[in-house]
Amino acid sequence: MIMAGTMRVNEEGNLEIGGCDTLRLAEEFGTPLYVLDETLLRDNCRRYVHALQKYYPKGKILFAGKAFLVKAMAKLVEEEGLSLDVVSGGELYTALQAGFPPERLYFHGNNKSEEEIQEALEAGTGVFVVDSFTEMEILVKMAGKMGRMAGVLIRIKPGIEAHTHDYIQTGQEDSKFGFGLEDVETMRAIQLALRSEKSIELKGFHCHIGSQIFDLEPYRLAVRTMVEFISRVKEETGFIAEQLDLGGGLGIRYTKKDNPPSIEAYVENIASTLKSSSEEKGIPLPELLLEPGRSIAGEAGIVLYRVGIIKDVPGIRRYVSVDGGMMDNIRPALYNAQYEASLANKAAEEPSSKVTIAGKACESGDILIEEVLLPPVEKNDLLAVFSSGAYGYSMASNYNRNPRPAVIFVKHGNARTVVRRETYEDLVALDQ
Ligand code: LLP
């Protein structure tokens, strides 16, 4: 079990989250069900904010909406005082519908359409994270025409790519995102932004080195690389970056083997490296921006599934099929992501049998967990898959025309629906 936040095994031997018995949640809201621990979501936001206050007061935390964005989450992020990173017109719209202050929005994306740029300008979006020279030209033109001032960060590829335990460093990063450190276009884009001071306010630079990262060294390297870049830009153009955005990426515990650094250690490391390298390079301390997604929402969420058919393949494995699968969590099929699970209605029992958790999609690859130890499983047991709060709902699909599950927030024994379950009518609602 990956117990996080308010999760515990209650007196009845059932898994509890947010003070709510998961069996009752499944009865009331149905399965599959995304359950998010509101207290842990808020705690994670606060830990980021406090760590930054402590180690680098000149900074901002942006929640990366791609990890999990619904109106209730935008509201929570707003209440916790964070800013928000959005990557599409749809995420922008969601945030605005939730009443999120547009000046605290950061608009990312390597291929923002002109419509999206216009919507973002009209809404008064705080900052555009510009990803290409063409985008800069479009933004200059459109902001100029609309008489708007657009805040801009330029996204740089620092030549560092990190995932979980290791990272690679290359001079020339092969990525669709951002500007190369040494590319001619990079300086051209900076010059264009500086020349366009009537419509563009260049604030600084952005980079993002990967996701589910456990090692802090690539972050220190990214900071040093970006500070060197800032110093070079200063020499060549006179522009002094006010902001440095280091993206997101801090890893979480999906299984017991995972041992990510704490939020505090992560922030402290980046902060101290930024202070020392800025001093070394003689540049004023930039404002530090961080964009965590997974490390805020991931461990705060579980998915509850009802166990259906149990099938033995003698001598090989026991398949335990559940009422969801790759449509509500594509990560195992897409990235071979590992998860832990337990039986929510037998949470106090010893896990003793090794099983494979299969989804219900018409596809052999729809395996949620290759191997997990559970107490003896029976039909109608309730399975809880841990650490499912990030990139589960946000990447969900209607594959096989399965309605997407509801999302609920739980806190102090209360549960509230933040996204209602889709119906069959919803499934055909767009069909002509
Ligand atoms: N900022 C930028 C510019 C990003 O591209 C990302 C994630 C983040 C922040 C947030 O990163 P986090 O703190 O959540 O690691 N679907 C994949 C993850 C893709 C992440 C893409 N970018 C998954 O399910 O693992």
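Things worth noting here:
- For the stretch 211-274, a simple Cβ point-charge model (Lys and Arg +1, Asp and Glu -1, everything else neutral) yields a dipole of about 280 debye relative to the Cα centre.
- Exposure rank, largest accessible area first [Phe229, Phe214; 1.4 Å]: Phe214, Phe229
- Global form of the stretch 310-363, assessed from the alpha-carbon gyration tensor, a/c cut-off 1.5: oblate
- Across the cross-link table entries Lys66/Lys411; Lys112/Lys157; Lys234/Lys275; Lys58/Lys256; Lys66/Lys198, which are compared at the Cα atoms, the separations over 28 Å belong to Lys58/Lys256; Lys66/Lys198.
- Of the whole protein surface, Ser132 contributes about 40 Å² of accessible area at a 1.4 Å probe radius.
- Mean ellipticity per residue at 222 nm, deg cm²/dmol - from DSSP H runs of n ≥ 4 across the chain, formula -39500 (n - 2.57): -9500 deg cm²/dmol
- Projecting the Cα atoms of Met7, Pro284, Phe107 onto the charge dipole of the chain (Cβ charges, centred on the Cα centre) puts Pro284 farthest toward the positive pole.
- Span from the the stretch 64-84 Cα centroid across to the the stretch 313-331 one, whole angstrom: 32 Å
- About its Cα centre, the dipole of the chain is roughly 320 debye, where the only charges are +1 on Lys and Arg Cβ and -1 on Asp and Glu Cβ.
- Probe 1.4 Å, all protein chains present, accessible-area order of Lys379, Lys275, largest first: Lys379, Lys275
- Farthest positive-ward along the chain dipole, Cα basis, beta-carbon charges - from Ile160, Asn400, Ala189: Ala189
- Full extension of the chain between Lys75 and Lys141 gives 20.5 nm of extra length, using 0.36 nm per residue less the Cα-Cα distance.
- Pairs of Cα atoms nearer than 8 Å and 6+ residues apart set the relative contact order; for the chain it is 21 percent.
- Gyration tensor (alpha-carbon) shape descriptor, the chain, a/c threshold 1.5: prolate
- Positive-end extreme of charge dipole, the chain - chosen from Gln53, Gly247, Ile316 (charges on Cβ): Gln53
- Peptide packing for 134-140, 231-237, 295-301 was compared via the average number of neighbouring C-beta atoms within 10 Å per residue; ordered from the highest value, the list is 295-301, 134-140, 231-237.
- When Met1, Met73, Met142, Met149 are compared by accessible area of protein heavy atoms, the largest-first order is Met149, Met1, Met142, Met73, using a 1.4 Å probe.
- Heavy-atom accessible area per residue - the stretch 148-276, 1.4 Å, Å²: 43 Å²
- Candidate cross-link partners of Lys379 among the aspartates and glutamates, defined by an alpha-carbon separation under 20 Å and a same-chain spacing of 8 or more, comprise Glu12, Asp21, Glu27, Glu28, Asp312, Asp323, Glu340, Glu349, Glu350, Asp366, Glu370, Glu371.
- Angle between the chain longest axis and helix 184-195 axis [Cα atoms, degrees, rounded to 10]: 70 degrees
- Using a Förster distance of 35 Å, the FRET efficiency for Ala265-Asn414 (Cβ separation, nearest 0.05): 0.60
- Rounded to the nearest 20 debye, dipole of the stretch 1-54 from Cβ charges on Lys, Arg, Asp, Glu: 520 debye
The values are calculated or read from the model by the stated rules, or taken from the named source; none is laboratory data. What you are looking at is a predicted structure, and each value in this text was computed from that prediction instead of being measured. Here the Cβ is made from the backbone with ideal geometry for all residues, glycine too, and neighbour counts use every protein chain on show. The accessibility values were calculated without ligands, DNA or RNA, using every heavy atom of the protein model including side chains. Shrake-Rupley method; radii C 1.70, N 1.55, O 1.52, S 1.80 Å.
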